[in-house]
Every structure is written in structure tokens, then in C-alpha cells.
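Student: Just dropping this structure here.
The values are calculated or read from the model by the stated rules, or taken from the named source; none is laboratory data. Keep in mind that this is a model prediction, so the values were computed, not measured. Positions of Cβ are backbone-derived with ideal geometry, glycine not excepted, and every protein chain shown enters the neighbour counts.
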Amino acid sequence: MYPTPPPAAPHRDFISVTLSLGQSYDGSKSWRRRSCWRKWKQLSRLQRNVILFLLTFLMLCGLLSYISVADQWRAVNGRSAEERKMRPADPPVLPAPQKADANPEDSPGVLPQKPQRHFRRGPPNLQIRAPSKDSKDRRQDDTKQRDEMVGDARQEENTQRTVVSWRGAVIEPQPGTELPSRKAEAPPRPSSQAPRIQSQAAPPNERQRAVIDAFRHAWAGYRKFAWGHDELKPVSRSFSEWFGLGLTLIDALDTMWILGLKKEFEEARKWVSKKLRFQKDVDVNLFESTIRVLGGLLSAYHLSGDELFLRKAEDFGNRLMPAFQTPSKIPYSDVNIGTGAAHPPRWTSDSTVAEVTSIQLEFRELSRLTGRKKFQEAAEEVTRHVHSLSGKKDGLVPMFISTHSGLFTHMGVFTLGARADSYYEYLLKQWIQGGKKETQLLEDYLEAVEGIKKHLLRRSEPRKLTFVGELAHGRFSAKMDHLVCFLPGTLALGAHHGLPADHMELARALMDTCYQMNRQMETGLSPEIVHFNLYPQSDHKDVQVKPADRHNLLRPETVESLFYLHRLTGDPKYQDWGWELLQSFNAYTRVPSGGYSSISNVRDPLNPQPRDKMESFFLGETLKYLYLLFSDDPDLLSLDAYVFNTEAHPLPIWAPPRGA
Ligand code: DMJ
């Protein structure tokens, strides 16, 4: 007999769950089963369906999270101890700010919130193995491990026999890196044309002191919240990682030297000596790491004469070399500095033309200093190859090149902005670096300037601003990236080194335009991209900005060109314009707790929308160029003795003219 059913309750479609720590519970399993079954039968069909759905859903969630946790656990176990140290195991949501005068290296436990990593990795089937050295060479290299850096690198190497690829597959690394040569332990002294500028510098003037103040403020934020990491996130008082190499710190070394910030320089030098390790399973972008890390270390070496920086530079240079092992010798964009696996970006097999042609100043200099030709040879092979390629338009190059065929791809699009910009810059600067002897470089540069004038130069309405637009399959676009504002400075530099005087005229005109790109914005800061008005009848202003292009990343190009224009013409208006820019940076991008932030909207001074990122080039380039701009001393990093790489790191000219 079934028990008498309870009086029929009104039928309601909801679930009620009663938790009873029941006194009636007698511990019998059969009672529990019967009772549960009865209750289940008493539920409406809808209630039962909802419960079944919930249970299935919970089981699925459980299964999925198990898989993900297991994956993470495997990945963490595949990483180096070094990398794990960089990530706090259980980071606080917001970092506890350190005292400004605390030594960052003394308090490794106070770590800000979890960093974002932006490693780009390519598909495994596109990865190549680095060439393995023969075992004799390797044994010889092993005997060279005498200093602390190499000893540590080897220790880390031994802990990293397997790595996890971007898809989680375990691959066996085959290190293609070489240890620093014996030569690097006793490198040649820096060239006699590379004076120690710190001892010669005049005391900073008022504007330079304002730059020093800005630098100190930026550095304080980095030191407190991002010490040893790639970039400061000043608003969240945290940091982000790109390569995990202390990018901001390395990019800023020579700026500190130039600004006379000795204490800060020494502290950073200590970090380089004790903490900077390149034996790690991480993909770096060949171009970005060359101009920032290699360039930064070489420049720090030249200014300070400290051989630590050269040893680090050679170690790093060796680790980049596998990128050149492609069918065409055009390097891949990415290389793993721990394993030597190189590959193109995930979305293409092409490299960017500007990237493969803007590493030469650094690689050539590394060869000169170490006596090892392979760096220069690999980089110059690219220059020679691009020189002889068809597909240019009056010296203008397309934006992409295949690492496989070595041919230009995506033909017919020409710009002086992103992906092509520093190709032109490095043609001129290599020619200067090498003592103005390599005529092919000069010819390519001169032809390109004519190509710019013929195809890309226009004047806007109504103010007739001269600008450099873009060409896509014969169609002109009045679009100009802020990146193009490197060009006035480069043209002026060429004119200073004896190129046609009309290059200087063009430089002046473009400088006016770049200034207006800043001036016409409500914050006084240029957006990332502008479009110029070409129509006389319209009531439009010259400079137009699309909503998606309103951001400012603290980029240096305007102040970079202001520095060259002032240095080479002596016109004080360029200093005044730079002063305005510094005021704007201070008004709209300075974060009170330390650091400066890129912003999302240069048109809204009331809410410029900080993006919570201080790019390393703000310290490496923007503030350095401002400081140099405000100097009236042409011998402070003389343009007859130094050539600046595209990240503003000064490298000596190999054979400067007499009397320079
Ligand atoms: C820097 O890394 C270099 O100046 C590069 O040539 C272009 N992009 C940034 C600055 O804008």
C-alpha cells in the first residue's frame, strides 16, 4: 500500500528546496532512497526537467573546468623557474604600492596584479628548428662559460628541456643559441668618436629640468609597480609583459645616462647584471626586440663604457640569429630566444618590410664591436636582397615580403606609415653609420624621396598643409599615420649630411604639418591617424580624425623631428612647440601615482580616457628627444658623431668626417 497522498497542493511551476537536518532521519539508506523517490514523483514535470537540466549543466561545467585546470597545470610545469617567478602565484587584486624609496630588488614579494602577456606564437608546423652547431663547437663554447651571466644561463637551460608550444603540444627544443664569444669578454673599447657625454654636458636648463622631472615621475611609477617587467600599467598600478625582458628598463638606460640620472642608472644596471636572463622559453619579435633591447644595450655600452652591456648584447644577438634561417634569408618575424625556434606570425608567412629592413644599424654595430661578422652579414643580406627586388614604385616599397619566396607580397600599396616607415629611415642612417660610402643605400634613399614627392605628397585645404598620404592600387588616400612624423627629422638629417637642400625645405613643411596634427587637437596631442581635407569649397578643417583613430600612445615621432629640425636649423620655434607638447603630456597623460598613460581620446580634454599603458618608447624616445631638443649644445650627442636607431638609441658613426 502506498501511503495516503497528502492533500493536493495547488500546482505551481517553481522549485522549492527544503533543507532539513531532519530529526526523523534514521540513517537508513533504503529510507533515504524511498523518501527521495517519493519526493521526486511529487514534483511536476517542469520541476523535474529543470532539475535534470541543472544537474547536466553542472556536470558539464565540472568536466570543462577539470580539463582546463589540467592543461594549465601541464603548461606551468613546462615553464622555466624564471618565468614562474615573474608571475605571482596568488597575486593580490591591486598591488600594495611600495614606498618610493624602497629598493625594488629588495622586496620581491610585493608584486602587483597578474601581468598580461602578449606572446605571439605561430603554428608549430611553421616553426623551424635552429641549425644545430656541431658538437665540437658546442664543447668549445661550453668552456667559455666563465662569467656569472653565462653560468646562470646554462643553469636555466638545463631546467628547460621541454617546452609547451602555443597549442599546448610538448615539443623538444633544440637550442640554436650561442653563448657569448670569448671576444665579448674582452671587447674592444668604444670608438674614440664616442665621447662620454655625461662628463661634458652643461647643467640642464629649465625646460630640460622639466623633462627630468617627467622622467623621474614616469620612472617612479615603473619602479614601484612594474620593476623588471616590460611595461607599466600606471592606472591599475600594475604591469604588462610582452617579451618578459624588462623592456622599459632597457629602453630607458641611455636616457638616464643622458639626463644625468646616475643613481637610477646604477640601480637599473644592477638589475641587468643580476636579473636579466635571455635563456627563457619566450618568443620575441625580431624587430621590436632588436631596436629596443639590442639597441638599448649597445647604446648603454657606448655611453657608459660598461662591458656588461656589450656581453648582454652579444648574448641576445646570438639568440636572434635563428630568425634568419629561412628559405629566402628574409628573417621570420618571431624567434624563441630560449629554444631557437623561429616562425612567422600566426596569420601569415610574410614578414613586414619595415621590420626586416630596420635591424641593420644594430646588427652591423654588434659585428663591429664583437668582431663576429655573422650579425652584419645576415642583416646586410636582407638589404641587398630588398635592393634588387622588383615591385617598387619609384623607390617606394610594398609593406610585406614573403620569407619563403623572398618576393614582395600585397603589392601596390605604398605608405610611409606603419610597416614601411623605418625602411626609408634605415637606408639613410646606415649610409651615415658606415661613413657615407655605401652608395646603394644612398641611391635607394634618394630614389625613395623622389617617389614620395611624386606619388604621396599633397597639400590640404584650407591651410595648405603639406602631408604624406598613401597609395593603394593607384588610388590616393589622404591618410597619414602619426608614425610618418619621423620623416621631417630624417629628411633634415639627410640634408645635414649633404643631400639636396630641397629635402630640408620638405622637412620644414612636414614639420609644420606634424605640429598642426597635435595643435589642432583639444588636448594638444596628435591622434594615431589623421585624414587631411582636400576640398577647397568645404567648411572642413585641414585635419580630420575618425573615432577609431583618436588615441595617443605617447609616441615620439613629432618630438623626434622637432629635435632634428631645431638642432639643424637653430630655429627656437621648434623648442617652443616641443615645450607645448610636454605641457600636454603632463596635463592629459600624467598619472598622479606615477607614470604616464596612453589615452583613447585626444579630442576630449575633460575625459581623455587613459588606456592604462606606458609604452617603453615614452622613456626610450619621447622624453630623450624632448631633453635633447631643449639643449642648445650641438655637441650633446653630435649628429656628426652619432646616428640614432629607430628607437632613439644613439650608435656611433663609424668614420665621422674630420673635425666632427
Ligand atoms: C618605436 O618603437 C619606434 O620608433 C618604431 O620605429 C616605431 N614605433 C615606435 C614609436 O612610435
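Student: If we scan the stretch 297-305, do we find a residue that is of a type in the set (Ser, Thr, Tyr), away from the ligand (no atom under 16 Å from the Cβ) and either closer than 24 Å to Asp421 by Cβ or surrounded by 24 or more Cβ atoms within 10 Å (Cβ to Cβ) (or both)? Let's see the steps before the verdict.
Tutor: First, the residues of the stretch 297-305 that are of a type in the set (Ser, Thr, Tyr): 299, 301, 304.
Now narrow it down to the ones that are away from the ligand (no atom under 16 Å from the Cβ): 301, 304.
From what's left, either closer than 24 Å to Asp421 by Cβ or surrounded by 24 or more Cβ atoms within 10 Å (Cβ to Cβ) (or both): 301.
Taking every residue of the stretch 297-305 in turn, at least one turns out to be of a type in the set (Ser, Thr, Tyr), away from the ligand (no atom under 16 Å from the Cβ) and either closer than 24 Å to Asp421 by Cβ or surrounded by 24 or more Cβ atoms within 10 Å (Cβ to Cβ) (or both).
Student: Among the residues of the stretch 559-575, is any farther than 28 Å from Ala495 by Cα, at pLDDT 95 or above and not aromatic (Phe, Trp, Tyr)? Steps first, answer last, please.
Tutor: Going residue by residue through the stretch 559-575, those that are farther than 28 Å from Ala495 by Cα are none.
No; the residues of the stretch 559-575 include none that is farther than 28 Å from Ala495 by Cα, at pLDDT 95 or above and not aromatic (Phe, Trp, Tyr).
This table checks each residue for (1) within 16 Å of the ligand (Cβ to nearest atom); (2) assigned to a loop (DSSP other than H, G, I, E, B).
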residue	(1), (2)
Asn586	no, no
Val602	yes, yes
Lys624	yes, no
Asp633	no, yes
Asp640	no, yes
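Student: Name the strands (runs of 3 or more DSSP E) wholly within the stretch 453-531 that hold at least 2 residues that are under 27 Å from His410 (Cβ atoms), at pLDDT 95 or above and away from the ligand (no atom under 16 Å from the Cβ)? Before you say what the answer is, go through the steps one by one.
Tutor: Numbers: elements: 457-459, 466-468, 470-472, 475-477, 479-481.
Qualifying strands (runs of 3 or more DSSP E): 457-459, 470-472, 475-477.
Student: Part of a helix (DSSP H, G or I), over 27 Å from the mean Cα position of the chain (by Cα) and either within 19 Å of Gly489 (Cα to Cα) or modelled with pLDDT of 95 or more (or both), is that true of Lys437? Write out each step before concluding.
Tutor: Working: part of a helix (DSSP H, G or I): no; over 27 Å from the mean Cα position of the chain (by Cα): yes; either within 19 Å of Gly489 (Cα to Cα) or modelled with pLDDT of 95 or more (or both): yes.
Against the criterion (part of a helix (DSSP H, G or I), over 27 Å from the mean Cα position of the chain (by Cα) and either within 19 Å of Gly489 (Cα to Cα) or modelled with pLDDT of 95 or more (or both)), Lys437 does not qualify.
Student: Quick check on Leu582: is it more than 15 Å from the ligand (Cβ to nearest atom) and under 23 Å from the mean Cα position of the chain (by Cα)?
Tutor: Working: more than 15 Å from the ligand (Cβ to nearest atom): yes; under 23 Å from the mean Cα position of the chain (by Cα): yes.
The answer is yes for Leu582.
Student: Related question: Taking only pairs six or more apart or across chains, which ones have beta-carbon atoms under 9 Å, a first residue in the stretch 395-423 that is at negative phi, and a second residue that is of a type in the set (Phe, Trp, Tyr) and within 16 Å of the ligand (Cβ to nearest atom)?
Tutor: Listed by first residue and then by second, the contacts come to Leu396/Tyr424; Val397/Tyr423; Val397/Tyr424; Leu416/Tyr424; Leu416/Phe486; Asp421/Phe486; Ser422/Phe287; Ser422/Phe486.
Student: Going through Arg550, Arg567 one at a time, which residue ends up being of a type in the set (Lys, Arg) and within 26 Å of the chain's Cα centre (by Cα)? Outline the logic, then answer.
Tutor: Details: Arg567 fails: within 26 Å of the chain's Cα centre (by Cα).
Among Arg550, Arg567, only Arg550 is of a type in the set (Lys, Arg) and within 26 Å of the chain's Cα centre (by Cα).
Student: Looking at the stretch 608-617 only, could you name the residues that are near the ligand (Cβ under 9 Å from one of its atoms) and out of contact with any Pro (no Cβ under 7 Å at 6 or more places or on another chain)?
Tutor: As a first pass, look at the stretch 608-617 and keep what is near the ligand (Cβ under 9 Å from one of its atoms): 615-617.
Across the stretch 608-617, the qualifying residues are Glu615, Ser616.
Student: Could you tell me which numbered condition Ile401 fails, if it satisfies all but one of (1) within 27 Å of Leu303 (Cα to Cα); (2) assigned to a strand (DSSP E or B); (3) hydrophobic (A, V, I, L, M, F, W, C)?
Tutor: That leaves (1) as the condition not met.
Student: Kindly provide the set of residues from the stretch 554-579 that are surrounded by fewer than 20 Cβ atoms within 10 Å (Cβ to Cβ) and either assigned to a loop (DSSP other than H, G, I, E, B) or within 16 Å of the ligand (Cβ to nearest atom) (or both), ordered by number.
Tutor: Residues satisfying the conditions are Gly570, Asp571, Pro572.
Student: Within the set of pairs 6+ apart or on separate chains, which have a first residue in the stretch 534-553 that is at pLDDT 95 or above, a second that is within 16 Å of the ligand (Cβ to nearest atom) and not in a loop (DSSP other than H, G, I, E, B), and C-beta atoms under 7 Å apart?
Tutor: Correct list of pairs: Val543/Met517; Val543/Val530; Gln544/Val530; Val545/Val530; Asp549/Ile529; His551/Ile599; Asn552/Ile599.
Student: Looking at Ser561, Ser477, which is the one that is small (Gly, Ala, Ser), under 30 Å from Glu447 (Cα atoms) and under 26 Å from the mean Cα position of the chain (by Cα)? Spell out the reasoning first.
Tutor: Values: Ser477 fails: under 26 Å from the mean Cα position of the chain (by Cα).
Answer to the selection: Ser561.
Student: Say we look at the stretch 213-253 and pick out the residues that are among the hydroxyl-bearing types (Ser, Thr, Tyr) and under 12 Å from the mean Cα position of the chain (by Cα); which of these is surrounded by the most Cβ atoms within 10 Å (Cβ to Cβ)?
Tutor: Within the stretch 213-253, the subset among the hydroxyl-bearing types (Ser, Thr, Tyr) is 222, 236, 238, 240, 248.
If we keep only those that are under 12 Å from the mean Cα position of the chain (by Cα) too, we end up with 240, 248.
Numbers: Ser240: 19, Thr248: 29.
Out of the qualifying residues, it is Thr248.
Student: All but one of (1) of a type in the set (A, V, I, L, M, F, W, C); (2) away from the ligand (no atom under 16 Å from the Cβ); (3) under 21 Å from Glu425 (Cα atoms) hold for Leu308, so report the exception by its number.
Tutor: Answer for Leu308: the failing condition is (3).
Student: Among the residues of the stretch 189-212, how many are more than 29 Å from the chain's Cα centre (by Cα), part of a helix (DSSP H, G or I) and at pLDDT below 70?
Tutor: Counting residues in the stretch 189-212 that are more than 29 Å from the chain's Cα centre (by Cα), part of a helix (DSSP H, G or I) and at pLDDT below 70 gives 2.
Student: Can you name every residue in the stretch 254-277 that is crowded, with 23+ Cβ neighbours inside 10 Å and in contact with an Asp or Glu (Cβ under 7 Å, 6 or more places away or on another chain)?
Tutor: Met256
Student: Continuing with this model, one more query. Can you find a residue in the stretch 407-416 that is more than 16 Å from the ligand (Cβ to nearest atom), farther than 29 Å from Cys514 by Cβ, part of a helix (DSSP H, G or I) and not basic (Lys, Arg)?
Tutor: No, the stretch 407-416 has no match at all.
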